[in-house]
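Structure record follows, encoded as structure tokens.
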Amino acid sequence: MKIPLNSFEQLIDETILKRGLEYFEQGYVSEFTPIASDEFEAIVEGSEDYTVNLIIENDIVVSHFCTCPYDFGPVCKHEVAVLFYLSQNELNLSENKPKKKKEQKKPTVENQIKTILDSLDQDALQKFIIEQCKQDKKFRNYFLVTFGHINQKLDAEFYRNQIKEIVKAASDKHGFIDWHNMKYLTRALEPLVEKLESYKISNNFQQAFFLSYVLLEEMTITIQNADDSNGDIGYFVDIAVEALNDIASSDNLYATLKKEIFEYCIQVYNKNLFSGWDWHLGILEVTEKLVESENEVDVLISCLQKTKDGYETEVAQVTILKLLRKYKTPTEAYHFINKNISNYRIREIEIKRAINDKNFEYAKKLCFDGIEVDKIDKPGIVIDWYRFLLKIAQAENEVSEIVKHATYLFVNDFRSDEDYFELMRENTSSEKWNSDVEKLIIYIQTESKTIWRSRELIRKIYIKQQWWNRLFELLKQTESLENIETEEEYLANDYALELIQMYSNRLKNYVEKFIGREHYKKACRYLRRMKKLGGETEVNHLIEYFRKTYPMRKALLDELNKV
């Protein structure tokens with residue numbers, strides 16, 4: 001979450017904001033230290049002391065981290081306390097601490113370290129690092145993962161040992177990595193990710209392969225004994241799988257390594273090393289990029305045919321079809337399609353091919369068959385088949401079919417941005433149009449499965465037709481502050497007075513029911529909308545009414561003064 005320093009109060013939960021302000025005002029922020037020109041660190045005291053780290057670029061906090069265990073939102077009270085500390089001059093705040101003499105600005109930690117290193121004897125530095133590596137396991141692991149490659153043989157076991165040591169240091173006595181130690185794990189593994197990226201860039205694919213597959217294997221084990229609620233381990237898995245795909249896709253990959261990677265992927269798949277995870281099947285997608293001989297194709301197809309899970313089987317069958325088309329005969333591909341056409345992914349591929357080849361009759365048959373197959377269990381996929389039917393009708397310029405399919409999709413397709421209503425209008429004569437629209441409204445009212453969907457479709461029709469009187473009547477049936485605001489842009493010219501009265505009635509109920517500054521801000525926002533509609537007199541009456549009715553609500557009175 002990026003946080004602008006000049007408006008962070010508006011972005012952060014009010015409860016967390018209040019607690020953070022209390023911590024700042026009590027003087028709990030201490031040891032505020034510039035680490036670098038754009039990085040700051042502070043200790044926030046409390047029941048325990050926690051360290052907050054912020055990176056700031058152009059007055060925006062681009063990275064924030066606290067060592068506390070809070071994970072119910074993006075920002076904790078300790079980070080907020082430091083934000084108030086940073087912004088105290090702009091916000092005219094003060095800490096509950098005795099004033100100190102103004103201190104001379106200290107150099108950043110980064111500059112202090114550079115100065116020390118420039119003047120430090122190498123033997124003393126070496127002795128210090130060795131001593132720290134003995135005493136601090138986490139420091140030792142971080143040092144080794146950063147510099148361990150310099151004098152050691154780099155193979156899979158080298159990387160495996162490094163990762164295992166990092167995981168071990170992050171784990172508790174039961175072998176579990178909690179949310180707090182996950183931060184250490186992430187930071188300690190980052191140098192390996194950087195190394196992996198550099199290997200790919202320099203075409204050092206052997207090392208890239210070693211590191212990526214070991215990272216994938218070790219993270220698959222680790223994720224089963226860790227709190228990965230932030231997705232940190234999932235991130236490293238994605239990095240590893242992406243690296244394997246990048247390596248396999250490279251034109252500079254030499255033959256022996258290509259074969260080694262192919263055999264590795266087949267082996268781990270057959271051993272079910274990643275069974276139950278998305279990358280179990282994903283590892284075979286890597287091999288698809290590596291196959292060259294018919295024997296390798298047969299091996300890969302044999303693996304793909306072992307899938308049992310419904311989703312995995314559907315995806316695997318698509319890969320098999322690609323392989324058959326590329327390496328086998330058209331007859332084999334044809335038989336495979338007929339056998340597995342119930343797989344909607346394969347049906348979709350075939351429909352697209354048929355449309356591209358202008359084989360519209362075959363494409364329509366596939367669509368209608370798909371509608372029959374999927375209408376009970378997969379209504380969302382049925383929409384896809386109707387979209388294809390509409391596309392075919394447009395390609396063939398079949399006006400009646402265009403209207404028919406566009407009407408179905410207007411009523412049933414919730415996901416598309418396609419303007420089906422305009423498509424219906426463009427393909428209907430002006431003499432028939434209004435009567436057809438009335439029939440459509442009746443159809444929606446009787447056939448729509450939910451009231452809210454029916455209302456939304458009819459509302460859309462009224463707006464498209466510019467039937468403002470009917471839109472206003474619809475609004476009266478579903479009157480709420482949000483609905484009044486939504487329809488305001490369409491009804492303001494003809495129904496301004498009525499909208500002002502609607503706002504007034506709803507606002508009295510709203511302020512009576514809801515308490516809190518955010519609710520008062522919302523109410524005042526609607527008061528301003530009333531003003532723009534020409535209801536200044538009614539707004540003044542409402543403000544006076546609220547002041548008399550709720551004289552003890554100081555936050556409300558404060559917000560009313562801003563209207």
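The values are calculated or read from the model by the stated rules, or taken from the named source; none is laboratory data. Source: prediction; values computed, not measured. Positions of Cβ are generated from backbone atoms using ideal geometry, with glycine treated the same way; all protein chains shown enter the neighbour counts.
Among the residues in segment 243-266, are any farther than 20 Å from Leu300 by Cα, at pLDDT 95 or above and part of a helix (DSSP H, G or I)?
Taking every residue of segment 243-266 in turn, at least one turns out to be farther than 20 Å from Leu300 by Cα, at pLDDT 95 or above and part of a helix (DSSP H, G or I).
Tell me whether segment 373-382 contains one or more residues that are over 32 Å from the mean Cα position of the chain (by Cα) and either assigned by TED's automatic domain parsing to the domain that holds Ile463 or closer than 30 Å to Ile337 by Cβ (or both).
Yes; the residues of segment 373-382 include at least one that is over 32 Å from the mean Cα position of the chain (by Cα) and either assigned by TED's automatic domain parsing to the domain that holds Ile463 or closer than 30 Å to Ile337 by Cβ (or both).
Could you say whether any residue in segment 5-14 is modelled with pLDDT of 90 or more and not hydroxyl-bearing (Ser, Thr, Tyr)?
No - not one qualifying residue is present in segment 5-14.
Counting only residues that are touching a helix residue (DSSP H, G or I) at 6+ places or on another chain (Cβ under 8 Å) and free of Cβ contacts under 8 Å to residues at least 12 places away in the same chain, how many does segment 387-397 have?
Residues flagged as touching a helix residue (DSSP H, G or I) at 6+ places or on another chain (Cβ under 8 Å) and free of Cβ contacts under 8 Å to residues at least 12 places away in the same chain within segment 387-397 amount to 1.
Can you name every residue in segment 279-316 that is over 32 Å from the mean Cα position of the chain (by Cα) and over 13 Å from Tyr269 (Cβ atoms)?
Val291, Glu292, Ser293, Glu294, Asn295, Glu296, Val297, Asp298
Could you please let me know if Asp246 is out of contact with any Cys (no Cβ under 6 Å at 6 or more places or on another chain), closer than 26 Å to Ala188 by Cα and acidic (Asp, Glu)?
Spelling it out, Asp246 is indeed out of contact with any Cys (no Cβ under 6 Å at 6 or more places or on another chain), closer than 26 Å to Ala188 by Cα and acidic (Asp, Glu).
Answer yes or no: is there a residue in segment 477-491 that is within 21 Å of Asn540 (Cα to Cα) and among the aliphatic types (A, V, I, L, M).
Yes, there is a match, as at least one residue in segment 477-491 is within 21 Å of Asn540 (Cα to Cα) and among the aliphatic types (A, V, I, L, M).
For the condition at pLDDT 95 or above, farther than 20 Å from Val382 by Cα and out of contact with any Gly (no Cβ under 6 Å at 6 or more places or on another chain), what is the one hit in Ile442, Ile451, Ile463? Step through it out loud before you land on a result.
Numbers: Ile442 fails: at pLDDT 95 or above; Ile451 fails: at pLDDT 95 or above.
Only one candidate passes the filter, namely Ile463.
So is Ile341 of a type in the set (Val, Ile, Thr) and within 32 Å of the chain's Cα centre (by Cα) or not?
Criteria not met by Ile341.
Just for helices (runs of 4 or more DSSP H) wholly inside segment 405-476: which have at least 3 residues that are surrounded by fewer than 16 Cβ atoms within 10 Å (Cβ to Cβ) and free of Cβ contacts under 8 Å to residues at least 40 places away in the same chain?
Of the helices (runs of 4 or more DSSP H) lying wholly inside segment 405-476, those with at least 3 residues that are surrounded by fewer than 16 Cβ atoms within 10 Å (Cβ to Cβ) and free of Cβ contacts under 8 Å to residues at least 40 places away in the same chain span 430-447, 451-465.
Do any residues in segment 19-34 that are among the aromatic types (Phe, Trp, Tyr) and modelled with pLDDT under 90 have Cβ atoms under 7 Å from those of residues that are part of a helix (DSSP H, G or I) and surrounded by 15 or more Cβ atoms within 10 Å (Cβ to Cβ), where the two are at least six apart or on different chains, and which pairs are they?
Hits for this filter: Phe32/Tyr85.
Could you tell me which of the residues Glu190, Glu165 is of a type outside the set (Lys, Arg), within 27 Å of Tyr70 (Cα to Cα) and loosely packed, with under 15 Cβ neighbours inside 10 Å?
Answer to the check: Glu190.
Answer yes or no: is there a residue in segment 541-551 that is modelled with pLDDT under 95, over 38 Å from the mean Cα position of the chain (by Cα) and outside any helix (DSSP H, G or I).
yes
Any idea which of (1) within 30 Å of Ile451 (Cα to Cα); (2) assigned to a helix (DSSP H, G or I) is the one Glu479 doesn't satisfy?
(2)
Name the single residue, out of those in segment 381-404 being of a type in the set (S, T, N, Q) and in a helix (DSSP H, G or I), that is surrounded by the most Cβ atoms within 10 Å (Cβ to Cβ).
Initial filter on segment 381-404 (of a type in the set (S, T, N, Q)): 394, 397, 400.
Filter once more, so that each one left must be in a helix (DSSP H, G or I): 394, 400.
Working: Gln394: 16, Ser400: 10.
Looking at the filtered set, the residue picked out is Gln394.
In segment 92-127, which residue that is of a type outside the set (S, T, N, Q), within 45 Å of the chain's Cα centre (by Cα) and more than 30 Å from Val82 (Cβ to Cβ) is modelled with the highest pLDDT?
Going through the qualifying residues, I end up with Leu125.
Considering only residues that are closer than 17 Å to Lys183 by Cα, among the aromatic types (Phe, Trp, Tyr) and in contact (Cβ under 8 Å) with a residue 60 or more places away in the chain, which ones fall in segment 61-87?
Listed by number, the list holds a single entry, Phe65.
Taking interchain pairs and intrachain pairs at least six residues apart, which have beta carbon atoms under 8 angstrom, with the first residue in segment 493-515 and among the β-branched types (Val, Ile, Thr) and the second part of a helix (DSSP H, G or I)?
So the pair list comes out as Ile500/Met530; Ile500/Glu538; Val511/His519; Val511/Tyr520; Val511/Ala523; Val511/Phe546; Val511/Leu556.
Can you say whether Glu488 is exposed (fewer than 14 other Cβ atoms within 10 Å of the Cβ), within 37 Å of the chain's Cα centre (by Cα) and assigned to a helix (DSSP H, G or I), as far as the supplied structure shows?
So Glu488 does not fit the description; no.
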